[in-house]
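Here's the structure, in C-alpha cells; my notes come after.
The values are calculated or read from the model by the stated rules, or taken from the named source; none is laboratory data. Computed from a prediction, not measured in an experiment: that's the story for all the values here. Every residue, glycine as well, gets a Cβ built from its backbone with ideal geometry; the counts of neighbours run over all protein chains shown. These accessible areas exclude ligands, DNA and RNA; they are computed on the full protein's heavy atoms, side chains included. Shrake-Rupley method; radii C 1.70, N 1.55, O 1.52, S 1.80 Å.
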Amino acid sequence: MEKSLKILVLYNETLDQVAEEHAKRQENLPFMDKSLPTPDEEFEEIALALRSKGHTAQIYNIEDNLETLIQKIETFKPDVVFNLMEIFRFIPKLESNVAGILSLLKVPYTGATPQVLRNCQDKVMVKRILGNNGIKTASFIVTQELISLKDTGLKLPLILKPAYEDSSVGIENASVIREEDKFILRLEYMLKRFLQPIIIEEFIEGRELNVAIFGYPKLHALPISEIDFSAMPPHLENIVSYEAKWDEEHEAYHKSVGVCPADLPKNIEKKAKQTALNAGRLMGINDYARVDMRLTPQGELYVLEVNPNPDLTEGAGFMRSAHAADYSFADALDLIVRLAFRKKFHQ
Ligand SMILES: Nc1ncnc2c1ncn2[C@@H]1O[C@H](COP(=O)(O)OP(=O)(O)O)[C@@H](O)[C@H]1O
Ligand SMILES: [Mg+2]
C-alpha cells in the first residue's frame, strides 16, 4: 500500500467566469445529453477520485489572488499540489508563473515545469523547436501587421490563429482561408481582435490525432485518440473550432467526435506515437501531455501542438486514451500525483 498524500487541487476561475459558465450551461440544458458539471464540480470529481485512492484532497480556487494562495499553502501544507491552472487574470500566458510560485514555495506539483508550460504556450516557439529537429509542422509565418497573401510565400488553403491563445480561442470556421480575397479581411480582423501576433499557417487536410504521452522516468504513448469529423456537414471545416470544442448548441460540437483507439494502419500508429514521444521530449515533457497532429491522406504527420497539463476531464482526449490503456480515472490521477514527487528534487 503506497503512502496516502495530502493533495490540494488547484484551479483558477474568477467568480464572474464561474457565474457566466453556469448561466450558459443552464441555458444550454436542452441541447445536452446530461447536464455538464459546473467548474467547481469538475474539480470536485478529481478530488473525489483522489480520495478513492486513499488520499486527502481538497479543491482550491485561486480566484486570481496570490496572497490567499500562499496563505492556503502555508496552512494546508499539501504534500502535492494538483496543478489545474490554465489562466491567470484571463491571460493564458501567465499560467506558467503560478507553477513558478509553487516551485519557489518548494511544494511538489503535478505536470509540467514553468519553463515547459511557457515554451509550449508559444506555438511559434514549439514549431521552431520541432521543425529544427526533424519533426514536421505546417509551414507558417507569424505577423503583427497586415501583409498580402503573396508576401506570406504560403499556399492556400491557410488557417489563421492567434499566437498565444489555446483551447481553440480564435479558431472558427472562417479561420480557414480557401479563397484569396478572404485572406486580408480575416487577417485584419484577427490583428484587431487579438492584439497579438497572428500565425498564418498552411492548412493540413486530413485526420486529426491526439497522442497522449505519460510516465516517468520513461514516457510511453497511450492508445491514439482521433477526432472523427466524418459526420461534419460540407459547410463546416473539419477542425476543432471554438464552437466544436465548447458550444453545445453548435452543430460542429456534435459532429466532431472523439474516438479511441483510432483505426490506423500499424505503421502510421507507430510513427504517430514515436513522433509524439520525440516532440514531447524535445519540449521537455516528462510526466503527462497530449500531442495533437494531423495525418494527411498520403500518410504524412504534422504536429499541431504539444499540450502540457492537458484537460483531464472524462471525455477529453487524455482520459480517453488512458481508459483505452486500462487506467481508470482515479488510477490515472493517482499516477500523475505520484509522478509529481520527483520534482522535490528536480524543480
Ligand atoms: N495547420 C492546420 N491544419 C489543419 N487544422 C488545423 C491547423 N492548425 C489548427 N488546426 C485546427 O484548429 C484546432 C485548434 O488549433 P491549435 O493549433 O491546436 O490551437 P489550440 O491551442 O487553440 O488548441 C486544431 O485542433 C485543428 O483542428
Ligand atoms: Mg489544440
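Numbers at a glance
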quantity: Solvent-accessible area, 1.4 Å probe, carbon plus sulfur percent, for the range 289-347; calculated: 50 percent
quantity: Approximate spin-label separation ASP181-LYS77, in nm, with each point projected 7 Å along Cα-to-Cβ; calculated: 7.1 nm
quantity: Theoretical gain in end-to-end length, LYS266 to ASP122 [0.36 nm per residue, Cα-Cα removed]; calculated: 48.6 nm
quantity: Paramagnetic reach from TRP246 (point 7 Å along Cα→Cβ, amide N under 20 Å) across the range 73-89; calculated: 84-89
quantity: The range 110-246: relative contact order in percent, alpha carbon pairs under 8 Å with at least 6 residues between; calculated: 25 percent
quantity: SER230 versus PHE90: modelled label distance in nm, points set 7 Å from Cα along the beta carbon direction; calculated: 4.2 nm
quantity: Share of carbon and sulfur in the accessible heavy-atom surface of the range 140-202 [1.4 Å probe, %]; calculated: 51 percent
quantity: Solvent-accessible area per residue for the range 84-199 (1.4 angstrom probe, square angstrom); calculated: 49 Å²
quantity: Karplus 3J(HN,Hα) series, Hz, for the range 292-298 with 6.51 cos²θ - 1.76 cosθ + 1.60 (x for Gly, Pro); calculated: 9, 9, 10, 10, 7, x, 7
quantity: Calculated from backbone phi, Karplus (6.51, -1.76, 1.60) coupling profile of the range 53-67 in Hz, x at Gly/Pro; calculated: 9, x, 8, 9, 9, 9, 8, 9, 8, 5, 6, 6, 10, 6, 4
quantity: Chain lengthening between GLU145 and GLU41 when straightened (0.36 nm per residue, less Cα-Cα); calculated: 33.2 nm
quantity: Span from the the range 225-298 Cα centroid across to the the range 85-161 one, whole angstrom; calculated: 18 Å
quantity: Proximal lysines relative to LYS161, as straight alpha-carbon distance under 28 Å, when same-chain residues fewer than 8 apart are discounted; calculated: LYS24, LYS93, LYS123, LYS127, LYS136, LYS150, LYS182, LYS192, LYS245, LYS255, LYS271, LYS273
quantity: Total formal charge among the other residues, if their Cβ is under 11 angstrom from that of HIS250, Lys/Arg +1 and Asp/Glu -1; calculated: -4
quantity: For ASN309, distant residues with modelled amide H under 5 Å away; calculated: ALA112, TYR288
quantity: Qualifying GluC sites (Glu not before Pro) in the range 281-332, DSSP loop, other Cβ atoms within 10 Å at most 16; calculated: GLU300, GLU314
quantity: Charge tally in the Cβ shell below 9 Å around ASP79, where Lys, Arg are +1 and Asp, Glu are -1, ASP79 excluded; calculated: +3
quantity: Counted charge near LEU50, where neighbours are those whose Cβ lies closer than 14 Å (Asp, Glu -1; Lys, Arg +1); calculated: -2
quantity: P(r), alpha carbons of the chain - 20 Å bins starting at zero, rounded %; calculated: 29, 60, 11, 0
